[in-house]
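*Asks:* So that we are looking at the same thing, I have put the structure below in structure tokens.
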Amino acid sequence: MSYFVTGGTGFIGRFLIGNLLKRKGSIHVLVRKASLKKFEAMAKKEGWDPKRVIAVAGDMTAASCGLTAAQIRALAGKIQHFFHLAAIYDLTASADEQKAANIDGTQHALDLAAALKVKCFHHASSIAAAGLYPGVFREDMFDEAEGLDDPYLRTKHDSEGLVRAEKRVKWRIYRPGMVVGHSKTGEMDKIDGPYYFFTFLKKLREMLPPWMPTLGIEGGRINVVPVDFVVDAMDHIAHKPKLDGHCFHLTDPEPMRVGEVLNTFARAGHAPEMTMRIDARMFAFVPGGVRMAVGNLPPIKRFIGMLLRDFKIPKEVLKFITYPTRFDNRETERALKGSGISVPKLDDYAWRLWDYWERHLDPDLFVDRSLKGKVKGKVVLITGGSSGIGLSTAQRVAEAGATTIIVARGEEELFKARDAMKKAGGKVFAYTADLADMASCDALVSQVLADHGHVDILINNAGRSIRRSIEASYDRFHDFERTMQLNYFGSIRLIMGFMPTMTQRRKGHVINISSIGVLANSPRFSAYVASKAALDAFSRCAQGELSGKGISFTTINMPLVKTPMIAPTKMYDSVPTLSPEEAADLLVKAIIEKPSRIATRLGIFAALINAVAPKAYEVVMSTAFELFPDSAAAKGDRKALKDEQPSNEQIAFASLMRGVHW
């Protein structure tokens, strides 16, 4: 017995070939010339016998599938079963692409099957041929299909219509449900169907603990079947006598609702389940015109579009959330009776699908997460780049191939850092500027734009910290002015200077070095924390305005770092701090991932406690205030500065609240 298979290198096709090899006979597989190497690699990987699995060069888009007259003569009368699997199974493909593959391709396959005088033509259709029929769709129904406006649904329906009208060869039609990976191995070749929601579930898992109840949707019933059931059923039915001219629904007789399916995969991926699910049909009482008008409002469209892009869900998928069709499969059940072939329960193999997706298909796996991939050839400007966090970060990005610009006040130290990085092979430029002086900021912006044209990544790292209680600051209002001048106004001046070219180019990234003190509300740092909090607030506002123009903002609530800025407070010599290199790791993460915020768990916990129980948190902060008095430096006592040593209680408290400024 001999077979001819189109789409043999596709997902269903290669599993079907594996099944057919268990029977006797040769298998001829239609392969485009450009894909012959891919076919050979697949055949080797699958362990196909090259004497039995034979590539036939051709093209589905050409007449008779591109076979020559000689090829047709050589195969005529020798093929018993012709399996037509080649098609586009992609909701996002264009209408022209789907017509060429699904309709024209099917006609070419029928013409070839007739020329080869095959015994039976087996057409892999889809439940999509029913369109969006409201109710139960039987296997003997076809013309009753409704809601075929979508190109995918229309072309699947019309291609099946060509087979039904065929008089030259006998045929059998198979309508699989939504095909997912192998129930035994989880293997899948692309993201499709329920897989589109896996990224959303993964993000949910990262944000919330598994026990956290969430709100979700109920939706219609979605028919999910694993690929091994589809090929086993197709293989069995194809070789069973007296079934020509019949259609078979390869579907789950007990389909689950969309909400149940998502919860099944949530359990498989250890994500929180949607405890309360809203049935989308409850909105049916709203007139369609009203729903359409609301959905077409620019803010609504933009918000939905942003969510779909973030979760990598094609908008075409949304119409299937309220899928209205159920499928009767009595013909299939009769044909499979006694074979032992049945649809396994999704609960039994969902974990295999999730595991395979997470290891092989998760889009995050294919994102270049190297610093080099993010900054090579880009212009990165770092303020405070001659020492500490700024220098460590500059060294990293310069090594990764960025055009690195470092800015600082002190010329000698700045140029020394530049020369060392250039000697190591980096493309580094140094500019002196006093960022507390707005005229100096403007001059820096003008010179950098004149020399480099634009800045891709702006890192506002330069800053000033003052540790002094409010009572000790009554006559030192200039402390508040100078911290605000550098930490806030200086940073804003640079952002406003470089932003026009960023928005014009529709790409740019601003990274602001803030403080854990903004989250923890550290006593004695009112001047410093207020200036950083102002920058935080500006960034949150700017994100809303500029994210649609391709601009990203990242705020890093940096914990205590051992730099010259904290040197006057001798107590910090004895408490846990980050090194400049460890702090630079956070900046590298910001460059690569572009999150809105990077903060330590302690910082987030402190902000949460302050929001939930502000009075209790006030007691903790008051205790810390009493425990950590003003330093000798803050009091201006140079003599006491030499002898200043932290107490054991101070060290213990600072270790408990690791990284917080006290």
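*Asks:* Considering each of M207, M212, M256, M234 in turn, give the residue that is in contact with a Pro (Cβ under 6 Å, 6 or more places away or on another chain) and farther than 21 Å from D90 by Cα.
*Replies:* M212
*Asks:* I've got another one for you. How many residues, within segment 496-536, are farther than 25 Å from A611 by Cβ and buried (at least 24 other Cβ atoms within 10 Å of the Cβ)?
*Replies:* Summing the residues that are farther than 25 Å from A611 by Cβ and buried (at least 24 other Cβ atoms within 10 Å of the Cβ) in segment 496-536 gives 2.
*Asks:* Taking the stated definitions as given, is L204 in a strand (DSSP E or B) and out of contact with any helix residue (DSSP H, G or I) (no Cβ under 7 Å at 6 or more places or on another chain)?
*Replies:* Taking the combined requirement at face value, the residue does not satisfy it.
Every residue, every condition in (1) more than 18 Å from the chain's Cα centre (by Cα); (2) in a loop (DSSP other than H, G, I, E, B), yes or no:
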| site | (1), (2) |
| --- | --- |
| E331 | yes, no |
| G338 | yes, yes |
| V343 | yes, yes |
| Y349 | yes, no |
| W357 | no, no |
| D364 | no, no |
| D368 | no, yes |
| G385 | yes, yes |
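*Asks:* Sticking with this one: Which one of these is within 27 Å of E333 (Cβ to Cβ), among the polar types (S, T, N, Q), touching a His at 6+ places or on another chain (Cβ under 9 Å) and crowded, with 18+ Cβ neighbours inside 10 Å: S183, S159?
*Replies:* The conditions single out S159.
*Asks:* Restrict the check to segment 287-309 and report whether at least one residue is aromatic (F, W, Y) and modelled with pLDDT of 90 or more.
*Replies:* Taking segment 287-309 first, the residues aromatic (F, W, Y) are 303.
Checking which are modelled with pLDDT of 90 or more leaves us with none.
Among the residues of segment 287-309, not one is aromatic (F, W, Y) and modelled with pLDDT of 90 or more, which makes the answer no.
*Asks:* Any idea how many residues of segment 28-67 are assigned to a strand (DSSP E or B) and either among the acidic types (D, E) or out of contact with any helix residue (DSSP H, G or I) (no Cβ under 9 Å at 6 or more places or on another chain) (or both)?
*Replies:* From segment 28-67, those assigned to a strand (DSSP E or B) are 28-31, 53-57; that's our starting set.
Narrowing the set further to residues that are either among the acidic types (D, E) or out of contact with any helix residue (DSSP H, G or I) (no Cβ under 9 Å at 6 or more places or on another chain) (or both) leaves 54.
The qualifying residues number 1.
*Asks:* Looking only at helices (runs of 4 or more DSSP H) that fall completely inside segment 469-535, which ones have 1 or more residues that are within 12 Å of L458 (Cβ to Cβ)?
*Replies:* Output list reads 491-505.
*Asks:* Considering each of V231, V225, V169, V179 in turn, give the residue that is closer than 15 Å to L85 by Cβ, more than 24 Å from the chain's Cα centre (by Cα) and either in the same structural domain as D104 (by TED's automatic domain parsing) or of a type outside the set (S, T, Y) (or both). Before you say what the answer is, go through the steps one by one.
*Replies:* Values: V225 fails: closer than 15 Å to L85 by Cβ; V169 fails: closer than 15 Å to L85 by Cβ; V179 fails: more than 24 Å from the chain's Cα centre (by Cα).
Within the list V231, V225, V169, V179, the selection yields V231.
*Asks:* Check R52, R14, R73 and return the single one that is buried (at least 18 other Cβ atoms within 10 Å of the Cβ), charged (D, E, K, R), assigned by TED's automatic domain parsing to the domain that holds A109 and without any contact (Cβ under 8 Å) to a residue 40 or more places away in the chain.
*Replies:* R14
*Asks:* Oh, and also: Answer yes or no as to whether A62 is at pLDDT below 95, within 31 Å of the chain's Cα centre (by Cα) and in the same structural domain as G18 (by TED's automatic domain parsing).
*Replies:* no
*Asks:* Residue by residue through segment 212-238, note down the ones that are among the β-branched types (V, I, T) and closer than 21 Å to L262 by Cβ.
*Replies:* Those that are among the β-branched types (V, I, T) and closer than 21 Å to L262 by Cβ: T214, I217, I222, V224, V225, V227.
*Asks:* Starting from segment 411-422, keep only residues that are at pLDDT 95 or above, then list their pairs with residues that are surrounded by fewer than 21 Cβ atoms within 10 Å (Cβ to Cβ) and part of a helix (DSSP H, G or I) whose Cβ atoms are within a distance under 9 Å, requiring at least 6 positions of separation or different chains.
*Replies:* If the second residue must be surrounded by fewer than 21 Cβ atoms within 10 Å (Cβ to Cβ) and part of a helix (DSSP H, G or I), the pairs left are M421/E399.
*Asks:* Now for a separate question. Name the residues in segment 88-116 that are free of Cβ contacts under 8 Å to residues at least 60 places away in the same chain and among the charged types (D, E, K, R), would you?
*Replies:* Within segment 88-116, D96, E97, K99, D104, D111 meet the criteria.
*Asks:* Would you mention how many residues in segment 76-102 are of a type in the set (A, V, I, L, M), assigned to a helix (DSSP H, G or I) and surrounded by 18 or more Cβ atoms within 10 Å (Cβ to Cβ)?
*Replies:* 1
*Asks:* Regarding segment 405-416, can at least one residue be identified that is in the same structural domain as M558 (by TED's automatic domain parsing), of a type in the set (F, W, Y) and closer than 17 Å to G497 by Cα? Spell out how you get there, then give the answer.
*Replies:* Looking only at segment 405-416, we keep the residues that are in the same structural domain as M558 (by TED's automatic domain parsing), and these are 405-416.
From the residues that got through so far, the ones that are of a type in the set (F, W, Y) too are 415.
Next, only the ones that are closer than 17 Å to G497 by Cα stay: none.
No, every residue in segment 405-416 fails to be in the same structural domain as M558 (by TED's automatic domain parsing), of a type in the set (F, W, Y) and closer than 17 Å to G497 by Cα.
*Asks:* May I pose another question? All but one of (1) modelled with pLDDT of 80 or more; (2) farther than 21 Å from I592 by Cα; (3) polar (S, T, N, Q) hold for S539; which doesn't?
*Replies:* (2)
*Asks:* Kindly evaluate G58 against the criterion of being surrounded by 13 or more Cβ atoms within 10 Å (Cβ to Cβ) and in contact with a Phe, Trp or Tyr (Cβ under 9 Å, 6 or more places away or on another chain).
*Replies:* no
*Asks:* Determine whether segment 440-463 contains at least one residue that is in contact with a Ser or Thr (Cβ under 6 Å, 6 or more places away or on another chain), outside any helix (DSSP H, G or I) and surrounded by fewer than 23 Cβ atoms within 10 Å (Cβ to Cβ).
*Replies:* Among the residues of segment 440-463, at least one is in contact with a Ser or Thr (Cβ under 6 Å, 6 or more places away or on another chain), outside any helix (DSSP H, G or I) and surrounded by fewer than 23 Cβ atoms within 10 Å (Cβ to Cβ), which makes the answer yes.
*Asks:* Being under 39 Å from the mean Cα position of the chain (by Cα) and within 22 Å of M234 (Cβ to Cβ) is true for just one of S126, S94. Which residue is that?
*Replies:* Testing whether each residue is under 39 Å from the mean Cα position of the chain (by Cα) and within 22 Å of M234 (Cβ to Cβ) leaves just S126.
*Asks:* Restrict the check to segment 244-257 and report whether at least one residue is closer than 23 Å to M141 by Cα, assigned to a helix (DSSP H, G or I) and under 30 Å from the mean Cα position of the chain (by Cα).
*Replies:* No.
*Asks:* Across segment 201-221, what is the total count of residues that are touching a Phe, Trp or Tyr at 6+ places or on another chain (Cβ under 6 Å) and β-branched (V, I, T)?
*Replies:* Summing the residues that are touching a Phe, Trp or Tyr at 6+ places or on another chain (Cβ under 6 Å) and β-branched (V, I, T) in segment 201-221 gives 0.
*Asks:* Within the group S469, S440, which residue is assigned by TED's automatic domain parsing to the domain that holds A530, polar (S, T, N, Q) and at pLDDT below 95?
*Replies:* S469
*Asks:* Turning to a different aspect of this structure: So, I389, is that one touching a strand residue (DSSP E or B) at 6+ places or on another chain (Cβ under 8 Å) and part of a strand (DSSP E or B) or not?
*Replies:* No.
*Asks:* Let me ask you something else. Would it be correct to say that S159 is assigned to a loop (DSSP other than H, G, I, E, B) and within 23 Å of G10 (Cβ to Cβ)?
*Replies:* No: the conditions fail for S159.
*Asks:* Out of F197, F142, F121, which single residue is buried (at least 18 other Cβ atoms within 10 Å of the Cβ), among the aromatic types (F, W, Y) and modelled with pLDDT of 95 or more?
*Replies:* Working: F197 fails: modelled with pLDDT of 95 or more; F142 fails: buried (at least 18 other Cβ atoms within 10 Å of the Cβ).
Checking each option against the conditions leaves just F121.
*Asks:* In segment 17-39, what count of residues is obtained for those that are loosely packed, with under 14 Cβ neighbours inside 10 Å, more than 31 Å from the chain's Cα centre (by Cα) and in contact (Cβ under 8 Å) with a residue 12 or more places away in the chain?
*Replies:* Looking only at that region, the number is 4.
The values are calculated or read from the model by the stated rules, or taken from the named source; none is laboratory data. Note that the structure is predicted; figures quoted are calculated from it, not measured. Every residue, glycine among them, receives a Cβ derived from its backbone with ideal geometry; neighbour counts consider all protein chains shown.
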